[in-house]
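In what follows, a structure is listed as structure tokens, so that the remarks can point back to it.
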Amino acid sequence: MDNIIDYTSEEEDQSFEEKDRDGEHILVSLTYIGKNTKKDDGVGLTRILEKWRRDNEKSDITSALVINDNYLIQNLEGSRPVINEVLAKLINDYSHITPHVINVDEVEGRKWEGFLFKYLTPSVQDEEYTLKNFSAGADFNPYLMKKTQIVSFIEAIFEEEDLTTSQDSDIN
């Protein structure tokens, strides 16, 4: 028990330079796609994502996430060690999501504010937009999309929401 206490107090005494050796000062953007292999109409996945949102806020992670009942695309932004921890947890604890890393970049600044979320419904509007502009198949399936399509898609979804929000505020 004394060793644990000593270790903890030593860790708290570390200087900024020592902690920085782990790359905490480096901001990383990670994009991955996933497939929900549980057949629960996305309800279980939605619950998991709400837990992730709360955990991400505590870890200073910003994120943009697009899902439907079967697939998801997520871009995470945070310090290098934290993003690596999130990826390890995703792989080890959520095997029913089958994550595939699409892109990892060191970035100078964040693109997202908080935890952005878009659920693609089977509506005609969502379907037409995704199929017409980004998908390579008959329905939304990021596994059929190239990296550039995936990155452009997630940016376009939230850029469009920003435009809609700003237009709505202009009307009022």
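Val66 meets each of the listed conditions (1) within 13 Å of the chain's Cα centre (by Cα); (2) under 28 Å from His25 (Cβ atoms) apart from (2). Scanning segment 83-99 for residues that are open to solvent by less than 40 Å² (accessible area, probe 1.4 Å) and either under 23 Å from Lys146 (Cα atoms) or at pLDDT 95 or above (or both) gives Ile83, Leu87, Leu90, His96, Ile97, Pro99. The set of residues from segment 128-155 being open to solvent by 70 Å² or more (accessible area, probe 1.4 Å), in a loop (DSSP other than H, G, I, E, B) and at pLDDT 85 or above comprises just one member, Lys146.
The residue pairs whose first member lies in segment 97-116 and is assigned to a loop (DSSP other than H, G, I, E, B), whose second member is among the aromatic types (Phe, Trp, Tyr), and whose beta carbons are closer than 7 Å, counting only pairs six or more residues apart or on different chains, are Pro99/Tyr32.
The values are calculated or read from the model by the stated rules, or taken from the named source; none is laboratory data. Note that the coordinates shown come from a computational prediction; the quantities given were computed from them, not determined experimentally. Backbone-built Cβ (ideal geometry, glycine too); neighbour counts: all protein chains shown. The area values use the complete protein model at the heavy-atom level, side chains included, leaving out ligands, DNA and RNA. Shrake-Rupley method; radii C 1.70, N 1.55, O 1.52, S 1.80 Å.
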